[in-house]
1. Would you order Val410, Val278 from fewest to most other beta-carbon atoms within 10 Å of each residue's own beta-carbon?
2. For the range 234-304 and the range 69-90, what is the separation of their C-alpha centers, rounded to whole Å?
3. Estimate the FRET efficiency between Lys288 and Arg8 by the formula 1/(1 + (r/R0)^6), using the beta-carbon distance for r and 41 Å for R0, to the nearest 0.05.
4. What's the center-to-center distance, using Cα atoms, between the range 162-200 and the range 348-412 in Å?
5. Over the range 195-238, what is the relative contact order in whole percent, taking alpha-carbon pairs under 8 Å and six or more residues apart?
6. Rounded to the nearest 0.05, what FRET efficiency is calculated for Thr29 and Lys227 with R0 set to 30 Å and r the Cβ-Cβ distance?
7. Sort Lys288, Lys324 by Cβ crowding within 10 Å, fewest neighbours at the top.
8. Separation between the Ser333 and Ile189 pseudo-spin-labels, each 7 Å from Cα along Cα→Cβ, expressed in nm?
Amino acid sequence: MLSDLTYREAQIWTQTEYPAFVSIHYFETSNPDKKHVTSKIKTTEASGYTANFLLTKIEPNRNYTYAIEVDGELSSEKHTFNSLNYYYEKEPPPDVKIAILGSHYAVEPEFEPPYRKLGGGYGIFESVYETQPDLVLWAGNTAHLRKSDIDSQNGYFKRYSYARSFVQPKELLAEIPNLGIWSYNDYGINGSGKEMPLKQTAKKAFSTFWPKSALVAHQEAFCYTHKISDVELFFLDVQSQRKTHISTDSKVAILGKEQIEWLKDALITSTANFKIIVSGAPILNPSKEEKNLSFAEDEKQYLLELLKTHKIPGLFFVSGGSYKGELTRISHSTHYNFFDLTVGPSTAMPLDEDNELNFFRIPGTNTFEQQYTILEIKGDEEDRFLKMQIFSLAGLELWSRTIKASELLVYE
């Protein structure tokens, strides 16, 4: 899997079936005689037989080819990827296409409840690959842990491995950068948070299968940023800082004050035209369900007031961890509107009906079927816009909306 991509580095994640010494051979596709080889990494049971390689001989605006060597044998299977387009002060920002996947459930027969179908429709990955996105986002519930998986590190690793094996074609993972954030079914016991007994095991498992070098080092939360063209993504951890069982000296929290302060500072210093905040739980949905940020109402209001007070332009929210899709809009008299695109499930089964009272939902955007989203940022330099399209398992467009960059500006 292409697990990260910056202007002058790339990361490749791989997994073996047994302990092995692994390395990556790679070269610029137009110059195959100049090959580079990473250092060998030994995959072990303690790391789920995974390895994440840093490719340091990467330069912008080029195409690269790579192959994997296992125990001295170089695979004949090759994959290619494009490095990022370095456009600054040379040309307008390039258009960007981002595919967004919702909850993923890999059916494992011996663990499934009788007479219930919890997952299916795995052909959706082929549909996503055919759109040829520049980036794939997994917006929470990437492995869908069950009770059998959350009482040991081996349980976590086995479930993550099994879930990833369902992603076909391989090229979707191997040739396009894939980034993920967790939601409650990636973490552990439902309703658990900051004090969960196996919290460190959960974090190790997720970061093993979703490695990201740019994690914020001083943060306990699993948060990070990623840049592509004139877009910067800010990934929020809605699990490990969660405190929903309160006492007399504490308040309900989901993000935690430290993570909110980090987000504020990161947004203020960002120069991106579009600042997309990605989380594994709906941010703007007003329903006080425990999975929504509104469950911690004081924290939510504190966050939104910070964003308005600092007059940060270009904000857009993407949220996962849901079994239905919708677009939520909060209107302000003194600020531009906030939008939260909640992504419905991709291979997990959707809800049959909606019991949430989301009176900020935009009519016509409520969807109850397996789906994926294509988010495009495009247009002339002075007329950029964000277009979202939601597609069904069959590839039919369910709905679409367009938001201009000029609609996300603060006017004095």
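1. So the residues, fewest neighbours to most, are Val410, Val278.
2. 36 Å
3. For Lys288 and Arg8, the calculated efficiency is 0.35.
4. If you average the Cα positions of each part, the centres end up 23 Å apart.
5. In percent, rounded to a whole number, it is 24.
6. Efficiency at R0 = 30 Å is approximately 0.80.
7. Taking fewest neighbouring Cβ atoms as first place, the list is Lys288, Lys324.
8. Between Ser333 and Ile189, the simple spin-label model gives 4.7 nm.
Each reported figure results from applying straightforward, stated rules to the coordinates on display, with no laboratory input. The shown structure was predicted, so the numbers you read here are calculated from the model rather than taken from an experiment. Heads up, the Cβs are rebuilt from the backbone with ideal geometry, glycines too, and the neighbour counts pull from every protein chain shown.
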